[in-house]
Amino acid sequence: MAPFKDDRKPAAKPGTKAGTTHEQTGRRERAERARRESLRPEGDETVALYGWHSVKAALENPERKIRKLLATDNAVRRLTEEGVKLPVTPQIVRPGQIAERLLPDAVHQGLYIEADALPSPAIETIPANGIVLVLDQITDPHNVGAIFRSAAAFAATAIVTTQRHSPESTGALAKAASGAIEHVPLYAVQNLARALEALKQNGFLTVGLDSEAMDVLEDVPLAAPLALVLGAEGKGLRQLTKETCDHLARLDLPGSIKSLNVSNAAALSLHVAHARLKALASGR
């Protein structure tokens with residue numbers, strides 16, 4: 001009797017099609033990444049923005065130099081209905097033609113632009129008034145985008161971040177910011193400790209948020225101009241940053257969890273500081 005021969009094809013491993021090896025899958029993924037990279041804007045000073053709020057705010061910002069606008073018929077119609085002036089002639093495209101330029105989970109709402117990056121002025125030019133947020137190596141673009149949104153909501157004067165170990169003001173960050181990057185100036189610095197010293201020389205009180213600090217933010221004698229300094233989740237503020245701040249303070253959290261997502265911590269600290277400074281200004 002001839003030996004039994006199993007002619008069945010081996011079952012596909014999870015995440016692969018039948019007959020597809022991991023090597024083939026890896027090649028396809030690398031090719032797809034390369035294709036998407038080739039569709040991104042060229043040049044270090046060009047950024048890509050997508051989504052209704054991000055693109056609309058950029059189109060309405062006279063400081064933005066728009067290079068290219070891709071839009072669906074419906075999106076152009078909506079922009080026209082809302083009275084948004086288009087600085088360039090839009091390229092009318094299908095939604096998929098925008099989606100192929102973005103990561104799979106990106107929601108573009110029929111709008112995509114390529115534009116020049118906004119300028120990053122010198123730290124010494126920050127107006128000595130109101131509240132400034134200083135971000136110590138916060139790298140998650142969604143968190144930084146949400147911080148921009150809160151900063152715009154509380155009329156923050158500026159956001160200061162490091163040139164390295166921080167996300168670019170494009171893509172997912174801009175989408176999460178919902179247009180706020182057009183309203184809150186960003187100052188990117190090489191050395192955060194030196195930037196804090198420059199702010200202090202310009203009259204700013206610098207307060208670092210630290211969940212293990214002895215003082216509660218509400219009890220710190222706040223004054224304007226004020227710089228609130230926030231660190232990355234997990235790592236928190238770096239030691240030199242802590243040593244450079246005038247005060248360290250924590251948020252008063254009565255529950256069992258004593259720390260918040262950094263974007264939530266930024267929103268809450270802005271609320272506390274804004275209320276305190278408003279009361280001081282009115283003599284209370």
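Averaged over all directions, how much area does the convex hull of the C-alpha atoms of segment 43-116 cover when projected, in nm²? Each step should come with its number before you reach the end.
On the way: hull surface 18.9 nm².
For segment 43-116, averaging the hull's shadow over all directions gives 4.7 nm².
Could you bin all the Cα-Cα distances of segment 164-284 into 5 Å bins starting at 0 and give me the percent of pairs in each, rounded to whole numbers?
Distribution as computed: 2, 10, 18, 22, 21, 17, 8, 2, 0 percent.
Quick check on segment 132-284: of the DSSP beta bridges with both residues there, what percent are antiparallel, nearest 5%? If you can, show how the numbers build up before the last one.
Values: 1 of 22 bridges.
Counting only bridges with both partners in segment 132-284, antiparallel ones make up about 5 percent.
Expressed in whole Å with the largest first, what are the equivalent ellipsoid semi-axes of segment 218-284 derived from the C-alpha gyration tensor as the square root of 5 times each eigenvalue? Please report the intermediate quantities before stating the final value.
Details: eigenvalues 96, 50, 20 Å².
Each semi-axis is the square root of five times an eigenvalue, giving 22, 16, 10 Å.
Quote the convex hull volume per residue of segment 117-173, based on C-alpha atoms, as a whole number of Å³. Intermediate values should be presented prior to the final figure.
Numbers: hull volume 4.9 nm³, N = 57.
Looking at segment 117-173, the number lands at 86 Å³ per residue.
Between Arg164 and Gln190, what is 0.36 nm times their sequence separation minus the Cα-Cα distance? Round to one decimal in nm. Before the final figure, lay out each step's value.
Numbers: separation 26, 0.36 × 26 = 9.36 nm, distance 0.73 nm.
Roughly 8.6 nm would be gained on extension.
For segment 122-228, what is the Kirkwood estimate of the hydrodynamic radius, computed as the reciprocal of the mean inverse distance between distinct Cα atoms, to one decimal in Å? Write out the running numbers ahead of the final one.
Values: mean 1/r = 0.0707 Å⁻¹.
Over segment 122-228, the inverse of the mean reciprocal pair distance is 14.1 Å.
Label Ala275 and Ala106 with points 7 Å out from Cα along Cα→Cβ: what is the distance between them in nm?
3.9
Full extension from Lys68 to Asn129: what is 0.36 nm times the residue separation minus their Cα-Cα distance, to one decimal in nm? List each step's numbers first, then the result.
Working: separation 61, 0.36 × 61 = 21.96 nm, distance 3.60 nm.
Fully extending the segment from Lys68 to Asn129 adds 18.4 nm.
So how much slack lies between Ser259 and Glu60, counting 0.36 nm per residue of separation and subtracting their Cα-Cα distance, in nm?
On the way: separation 199, 0.36 × 199 = 71.64 nm, distance 3.72 nm.
Net length gain for the segment: 67.9 nm.
Add +1 for every Lys or Arg and -1 for every Asp or Glu among the other residues with Cβ under 14 Å from the Cβ of Pro221, and state the total.
-3
Every number in this text was worked out from the coordinates using simple rules, so none of it is lab data. The shown structure was predicted, so the numbers you read here are calculated from the model rather than taken from an experiment. Cβ atoms come from the backbone with ideal geometry, glycine included; neighbour counts cover every protein chain shown.
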